[in-house]
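Novice: The structure's right below; bear with me while I get my questions together.
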Amino acid sequence: MSSDRTGLGRPPAPAVEVDDRLTEQWPDARCELDFTTPFELLVATVLSAQTTDVRVNQVTPELFRRWPGPAGLAAASQEELEQVLRPLGFFRAKATSLRGLAAALLEEHGGDVPADIDALVRLPGVGRKTANVVLGNAFGIPGITVDTHVGRLARRLGWSTEKDAVKAERDIAAVLPRERWTMACHRLIFHGRRVCHSRKPACGACVLADLCPSYGVGETDPEAAEALVKLPE
C-alpha cells in the first residue's frame with residue numbers, strides 16, 4: 001500500500017486545526033531525548049541518527065557522567081568513547097563525530113552551543129534537523145524538525161509534496177504559525193509513531209480522519225485500525 005498517496009481532489013488539511021486536535025490527542029508530546037543542557041541535547045540528537053531515542057537515552061547517562069562537557073569529550077579516548085557508544089550501532093563513526101563536534105564547539109564557540117541555526121549547521125555532523133531540535137527545545141527558538149515522521153505526515157496532510165527535508169520545512173512553515181513550529185513537530189512525530197505509520201496507518205482510529213486528504217491509504221475499519229495503534233509502553 002502506498003505510504004504517501006493522497007486523496008484525489010481533496011484539499012490540504014487545515015494546519016492549525018490539525019495541530020489543535022493533535023494537542024488534545026497527545027498532551028504529553030515532547031522531545032523524547034533526555035537532556036539537561038543544550039550541549040547534552042546537541043550530542044543526543046547527533047547520536048539519534050539511525051537509531052531510536054530510547055536507545056540513545058540508555059547510553060547518554062554514562063556518556064555525560066564521564067564527559068559532561070565539550071572539553072572532556074574532545075579529549076576522550078576514541079576507544080573508551082566507542083565502548084560507551086557500542087549499543088547504538090555505527091559507534092566508531094559516532095565516536096569520531098562527537099570528538100570532532102566537541103573540538104569545534106571549543107575552537108569556534110568557547111565551548112558553548114550557539115543559539116543560531118547558521119552557526120549550528122556549520123558544526124561537524126549537524127544538519128538542519130538537528131539544529132532545529134536544539135533551537136526549539138534547548139533555546140525556545142521556534143524550529144521545524146523534518147524527520148521521517150514529520151515529512152511523511154506533511155505529505156499525507158497535503159502540506160507539502162516534497163521529500164527533500166529543507167523544501168518540506170519551508171512548506172510546513174508556510175501553513176503553520178511560527179509560534180507553533182516546535183511543539184507541532186513533536187505532536188506530528190508522536191502521531192506518526194503511534195497512529196499514522198509508514199506502511200499501515202490506522203486511518204479508522206485517527207482524530208484527523210475527516211480532515212486528512214489521505215484518509216483511506218490505511219485501515220479504515222475502526223476496530224481493525226485501533227489494533228494498529230502503537231501506544232507507548
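Novice: To two decimal places, what compactness ratio does segment 45-87 give when its Cα radius of gyration is scaled by 2.2 N^0.38 Å?
Specialist: Details: Rg = 10.2 Å, N = 43, 2.2 N^0.38 = 9.2 Å.
Segment 45-87 yields a ratio of 1.11.
Novice: With viscosity set to 1.567 mPa s and temperature to 4 °C, compute the Stokes-Einstein D of segment 134-233, Rh being the Kirkwood radius across alpha carbon pairs; µm²/s, no decimals. Walk me through the numbers before you get to the answer.
Specialist: On the way: Rh = 13.9 Å.
Reported coefficient: 93 µm²/s.
Novice: Follow-up. Carbon and sulfur together cover what percent of the accessible area of the chain at a 1.4 Å probe radius?
Specialist: Details: 5900 of 11480 Å².
After summing per-atom areas, the C and S share lands at 51 percent.
Novice: Now for a separate question. Treating each Cα of segment 1-120 as an identical point scatterer and ignoring solvent, apply the Debye formula and state log10 I(q)/I(0) at q = 0.10, 0.23 Å⁻¹.
Specialist: So the normalised log intensities are -0.44, -1.30.
Novice: Related question: Would you calculate the convex hull of the Cα atoms in segment 49-166 and tell me its volume per residue in Å³? Display every interim value, and only then the final one.
Specialist: Details: hull volume 13.4 nm³, N = 118.
Expressed per residue, the convex hull around the Cα atoms of segment 49-166 is 113 Å³.
Novice: Which residue, P27, P114, P68, tops the fluctuation ranking in a GNM of the chain built on C-alpha contacts under 10 Å?
Specialist: Maximum fluctuation in the GNM of the chain, among the listed residues, is at P27.
Novice: I need the calculated FRET efficiency for the pair E108 and K230, taking r as the beta carbon distance and R₀ as 41 Å, to the nearest 0.05. Working shown, then result.
Specialist: Working: r = 41 Å, r/R0 = 1.00.
Taking R0 as 41 Å, the efficiency between E108 and K230 is 0.50.
Novice: Working from the alpha-carbon coordinates of segment 80-126, get Rg over Rh, Rh being the Kirkwood radius. All intermediate terms of the calculation are to be shown ahead of the outcome.
Specialist: Values: Rg = 11.9 Å, Rh = 11.3 Å.
With Rh from the inverse mean 1/r over Cα pairs, Rg/Rh is 1.05.
Novice: Over the chain, how many percent of alpha carbon pairs lie in each 5 Å bin up to the one with the longest distance?
Specialist: In order of increasing distance, the bins hold 1, 7, 14, 18, 17, 14, 11, 9, 6, 3, 1, 0 percent.
Novice: Angle check, please: helix 165-175 long axis (alpha carbons) against the longest principal axis of the chain (alpha carbons), in degrees 0 to 90, nearest 10.
Specialist: Roughly 50 degrees between the two axes.
Novice: Rounded, prolate or oblate for segment 145-192? Axes are the square roots of the Cα gyration tensor eigenvalues, ordered a ≥ b ≥ c, and the cut-off for rounded is a/c under 1.5. Mind showing how you got there, number by number?
Specialist: On the way: a/c = 1.57, a/b = 1.10, b/c = 1.42.
Since a/c reaches 1.5 but b/c is at least a/b, the shape of segment 145-192 is classed as oblate.
Novice: Under 8 Å for C-alpha pairs, at least 6 residues apart: give me the relative contact order for segment 128-168, rounded to a whole percent.
Specialist: Values: 35 pairs, mean separation 12.7, N = 41.
Relative contact order comes out at 31 percent.
Novice: Also: Just the ratio, please: alpha-carbon radius of gyration of segment 179-225 over 2.2 N^0.38 Å, N its number of residues. Working shown, then result.
Specialist: Details: Rg = 11.2 Å, N = 47, 2.2 N^0.38 = 9.5 Å.
Ratio of Cα Rg to 2.2 N^0.38 Å: 1.18.
Novice: Find the accessible area per residue for the chain; the probe is 1.4 Å, ligands and nucleic acids are left out, and the unit is Å².
Specialist: For the chain, the per-residue accessible area is 49 Å².
The values are calculated or read from the model by the stated rules, or taken from the named source; none is laboratory data. Not measured: the values here are computed from a predicted model. So basically every Cβ, Gly included, is an ideal-geometry build from the backbone, and we count neighbours across all protein chains shown. The accessibility values were calculated without ligands, DNA or RNA, using every heavy atom of the protein model including side chains. Shrake-Rupley method; radii C 1.70, N 1.55, O 1.52, S 1.80 Å.
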